[in-house]
Ligand SMILES: NC(=O)c1ccc[n+]([C@@H]2O[C@H](COP(=O)([O-])OP(=O)(O)OC[C@H]3O[C@@H](n4cnc5c(N)ncnc54)[C@H](O)[C@@H]3O)[C@@H](O)[C@H]2O)c1
Ligand SMILES: O=C(O)C(=O)C[C@@H](O)[C@H](O)[C@H](O)COP(=O)(O)O
Ligand SMILES: [Zn+2]
């Protein structure tokens with residue numbers, strides 16, 4: 001097992017990465033205020049991993065309240081959040097009850113927001129079971145739900161007590177979901193870590209084949225990048241916005257196509273290609289760099305062609321992005337591989353050209 005730390009003063013916490021972590025209650029017990037946990041999961045993950053996590057905790061004297069939600073991005077909403085509150089109240093959960101998220105990013109975001117708001121805040125633990133959640137969503141404290149008008153529009157920054165990334169859980173992950181997670185791994189290379197990007201170019205097939213050594217390295221290096229960024233800018237007043245590469249476009253795609261039709265990672269992949277296209281038009285990326293970026297997403301079995309929503313529809317949806325300031329759409333763009341910036345200082349007609357995708 002390898003351990004990293006997210007350094008946030010009194011909100012600091014460890015990220016444990018390794019095999020067989022679900023059945024090691026000693027990694028969870030020191031973080032409990034009281035021997036009672038509510039495990040939030042879904043109908044897909046529960047039959048696979050709920051008892052693996054719950055039974056050793058029960059054996060250690062912990063009361064376990066399972067909360068099993070419907071599965072899918074379409075359920076990351078206020079109605080599903082209410083199901084969590086209902087179960088917590090029905091079971092008379094107190095401020096000392098810890099909420100454990102067992103699942104992918106949808107479960108982590110929902111359970112984290114429930115933890116941030118139930119009784120105005122109860123302790124929270126992340127047990128991510130998708131690649132995307134192990135490399136990104138379980139770390140950094142962004143929690144929340146979607147609104148029909150926009151992605152993740154309601155939420156809170158709320159850090160977990162500990163993150164347990166058990167690599168063994170990836171063995172049951174569908175191939176499409178594995179690729180979706182790789183989109184966020186590629187992101188770290190593109191925004192701030194060119195050597196990691198170059199390593200991915202050589203090792204992508206190993207990652208797709210779930211090679212343990214390569215996967216452990218990719219998860220560790222991704223979490224290391226994210227932990228550094230979050231420690232420097234917890235609430236996204238500056239550098240953290242770089243973690244949004246491809247997301248202003250991607251969130252527009254997820255919303256326009258209907259939540260869950262394009263996976264988050266797929267929309268981020270296509271959105272990152274749009275960001276690269278605009279960076280190229282601005283003269284900040286050259287042909288060879290754009291080709292390298294396209295090639296790695298293709299190698300990871302991710303889409304590089306964004307849907308033709310129409311320029312106005314894209315601009316309308318992108319105008320709801322959380323990075324918008326004074327009505328200006330701020331974008332994460334690239335000035336080379338491993339070098340990125342957040343800016344609204346681009347020619348609007350160039351953005352329109354990028355968005356004029358032929359149907
Ligand atoms: N909070 C953040 O910082 C952050 C970062 C990135 C993404 N996100 C959010 O995360 C969500 C995407 O997360 P995701 O890609 O994990 O999707 P997801 O949570 O929908 O999980 C993908 C699918 O895999 C299933 N699954 C989970 N673990 C499994 C396993 N081990 N074996 C088999 N099936 C398994 C799930 O039930 C689901 O059907 C989006 O809502 C996105 O907005 C949040
Ligand atoms: O942690 C962050 O900061 C990120 O931006 C990570 C993203 O991968 C993630 O999808 C996040 O949920 C997007 O945040 P949002 O603020 O644009 O909703
Ligand atoms: Zn993301």
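Where a number appears in this text, it was derived from the coordinates with a stated rule and is not lab data. Owing to the predicted nature of the structure, the values given are computational and were not obtained by experimental measurement. Positions of Cβ are backbone-derived with ideal geometry, glycine not excepted, and every protein chain shown enters the neighbour counts.
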ask   = Relative to the first principal axis of the alpha-carbon coordinates of the chain, what is the inclination of helix 212-232, with its axis defined by its Cα atoms, in degrees from 0 to 90 and to the nearest 10?
value = 80
task = Taking the Cβ of each residue in 220, 188 as the centre, tally the other Cβ atoms inside 10 Å and list the residues starting with the fewest.
result = 220, 188
message = Taking the beta-carbon count within 10 Å as an exposure proxy, list 292, 330 from fewest neighbours to most.
response = 292, 330
note = Exposure-ranked with fewest Cβ neighbours within 10 Å first, 7, 71, 277 stand as 7, 71, 277
ask   = Over region 100-219, what is the percentage of antiparallel beta bridges among all DSSP beta bridges, to the nearest 5?
value = 50
task = Calculate the spin-label point distance for residue 59 paired with residue 199, positioning each point 7 Å from the Cα along the beta-carbon direction, and give it in nanometres.
result = 3.4
query = What is the list of residues in region 96-113 whose amide nitrogen lies under 17 Å from a point 7 angstrom out from the Cα of residue 16, following Cα to Cβ?
reply = 98-103
query = 222 nm [θ] for the chain, helices only, -39500 (n - 2.57) per DSSP H run of 4+, per residue, to 500?
reply = -13000 deg cm²/dmol
task = Take the alpha carbon gyration tensor of the chain, find the square roots of its eigenvalues, order them as a ≥ b ≥ c, and report rounded if a/c is under 1.5; if not, report prolate when a/b exceeds b/c, else oblate.
result = prolate
task = Rounded, prolate or oblate: pick one for region 254-359, where a ≥ b ≥ c are the square roots of the eigenvalues of its C-alpha gyration tensor, a/c under 1.5 means rounded, and failing that, prolate if a/b is larger than b/c, else oblate.
result = oblate
message = Relative contact order of the chain, please, whole-number percent, based on alpha carbon pairs below 8 angstrom and at least 6 residues apart.
response = 15
message = Can you give me the angle between helix 175-192 and the longest principal axis of the chain, using Cα atoms only, in degrees from 0 to 90, rounded to the nearest 10?
response = 60
note = In whole angstrom, the spacing between the Cα centers of region 267-313 and region 316-337 equals 16
query = Where a ≥ b ≥ c are the square roots of the eigenvalues of the C-alpha gyration tensor, would you call region 88-241 rounded, which needs a/c under 1.5, or, failing that, prolate if a/b is larger than b/c, or oblate?
reply = prolate
ask   = Relative to the first principal axis of the alpha-carbon coordinates of the chain, what is the inclination of helix 287-299, with its axis defined by its Cα atoms, in degrees from 0 to 90 and to the nearest 10?
value = 40
ask   = Which whole-number percentage describes the relative contact order of region 237-288, with Cα contacts under 8 Å and a sequence gap of 6 or more?
value = 36
message = Once you keep just the Cα pairs under 8 angstrom separated by 6 or more residues, what percentage relative contact order results for region 267-316?
response = 44
